[in-house]
Amino acid sequence: MIALVAGFLLVAYLLAPGAIYRLAFSFYISSKRFQRTRTEEVVFSVLVTVIPFLLTWILLDHTPLGGLPAIYSSIGKREAYRSILSSLLSDKTIDPATLIAAYLRAAAEQTRFIAILWLLCAVEGWVTGRVIRRYGDHPDGSFLRGFCDRFLLKNVSEWQILFTTLSLPSDDPRTVVEIDALSTLGVLYRGRLVNWFTDQDGKLEGIFLINAQRFRRDQIARDRANNIFKENEEYWAPVPGSNLYLAAANLANYNIRYVEPSDIEFVEQELGSGVVITPLPPEPVGDDPISSE
């Protein structure tokens, strides 16, 4: 029975609050993925549960919320916990009816406490996720900026910071991430990053690019040998297919760029690539037709 009660307390007050925190946190931003030991998992859960636990205790013990909903029982709260503790730690026989009433009263009290605790853990995860999501808007030297740098960003995947516009101000949401990737075979690719994948330890497994292009190094070498000089932009050739997946194991290095798309590209992002954009006719040159008679 002691093991059962201990397991319930461990799950209800440590493991479940930590999981609820991460779930609410992930609504705004992906948390860092890595394999924790049991000790590290417990320590993490303790850290994120301390404030919600104290707030729950204050609300139930020092405000009228502690009496809602009303619990009707033949045994008082203190007496119920005393009976349960006595049954677990001593060999003294307790009346079964009294023990059942004690467990029912304790279960009602714990349900109320745990419900508020889990709710506050969810709120805590949502708030911290929102604070990190607006990291680029926090001024340098501000409290929120320093708090993120010292504590919150340690739970965020480094790829989330590099492969998104998290560190940039959110005034213009059109900014996108573009990648220049050099493969181990010496082939240079570039394209717009749309997704990436990590393993259970948080290591990068691969990236997905759209509008991918490949740099024709053989062509530029031939042109240089024949004294033909063109702009480097002319040596980029589209890669067939809508998406290009590059495995991280085949990448020697890559460069990350944060750029703003053109107005036409932005419209295609919002409406889809199949939309037909008809350019406006050129404005008439010469006299203003409205003012002419």
One quarter of the C-alpha convex hull surface, i.e. the mean projected area of the range 1-86 in nm², amounts to 8.0 nm²
Which values, in whole Å and largest first, are the semi-axes of the equivalent ellipsoid of the range 53-110 obtained as the square root of 5 times each eigenvalue of the Cα gyration tensor? 25, 13, 7
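What FRET efficiency comes out for E158 versus A12 if R0 is 30 angstrom and r is the Cβ-Cβ distance? Round to the nearest 0.05. Intermediate values should be presented prior to the final figure.
Details: r = 33 Å, r/R0 = 1.09.
Efficiency at R0 = 30 Å is approximately 0.35.
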Accessible surface of Y81 - all protein chains present, 1.4 Å probe, nearest 10 Å²: 80 Å²
Under 11 Å by backbone N from the virtual spin label 7 Å along Cα-to-Cβ at N253, the residues of the range 178-218 are 182
Using heavy-atom solvent-accessible surface (probe 1.4 Å) with all chains present, what is the largest-first order of I114, I161? I161, I114
Exposure ranking of L185, L144, L23 by accessible area [1.4 Å probe, largest first]: L185, L23, L144
So if R0 is 35 Å, what FRET efficiency would R216 and R133 give, r being the distance between their Cβ atoms, rounded to the nearest 0.05? 0.30
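If contacts are Cα pairs under 8 angstrom and at least 6 residues apart, what is the relative contact order of the range 1-159 in percent? Please report the intermediate quantities before stating the final value.
Details: 134 pairs, mean separation 61.1, N = 159.
It comes to 38 percent, rounded to a whole number.
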With a 1.4 Å probe and every protein chain left in place, tell me how much accessible area K77 has, in Å² to the nearest 10. 90 Å²
Taking the range 123-232, how much of its Cα-Cα pair set, in percent, is spaced more than 22 angstrom apart? 52 percent
Round to the nearest 10 and report in Å² the accessible area of V194, as given by a 1.4 Å probe over the protein chains' heavy atoms. 80 Å²
Backbone N under 17 Å from the N226 label point (7 Å along Cα→Cβ), restricted to the range 188-206: none
At a temperature of 10 °C and a viscosity of 1.306 mPa s, determine how fast the range 75-173 diffuses translationally according to Stokes-Einstein, using the Kirkwood radius over alpha-carbon pairs as Rh; express D in µm²/s, rounded to the nearest whole number. 91 µm²/s
With charges only on Cβ, +1 for K and R and -1 for D and E, what is the dipole size of the range 102-169 about its Cα centre, in debye, rounded to 20? 180 debye
From phi via Karplus (6.51, -1.76, 1.60), per-residue ³J(HN,Hα) for the range 221-228 in Hz, x at Gly/Pro: 5, 5, 5, 5, 5, 9, 6, 9
How fast does the range 12-149 diffuse by Stokes-Einstein, in µm²/s, taking the Kirkwood radius from C-alpha pairs at 20 °C and 1.002 mPa s? 122 µm²/s
Pairs of alpha-carbon atoms within less than 8 angstrom and 6+ residues apart define the contacts here; what relative contact order does the range 79-191 have, in percent? 16 percent
Per residue of the range 125-131, what does 6.51 cos²θ - 1.76 cosθ + 1.60 with θ = phi - 60° give for ³J(HN,Hα)? Whole Hz please, x for Gly and Pro, Karplus curve as stated. x, 5, 5, 5, x, 5, 4
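The values are calculated or read from the model by the stated rules, or taken from the named source; none is laboratory data. Owing to the predicted nature of the structure, the values given are computational and were not obtained by experimental measurement. Here the Cβ is made from the backbone with ideal geometry for all residues, glycine too, and neighbour counts use every protein chain on show. What goes into the accessible areas is simple: the full protein's heavy atoms, side chains included, and nothing from ligands, DNA or RNA. Shrake-Rupley method; radii C 1.70, N 1.55, O 1.52, S 1.80 Å.
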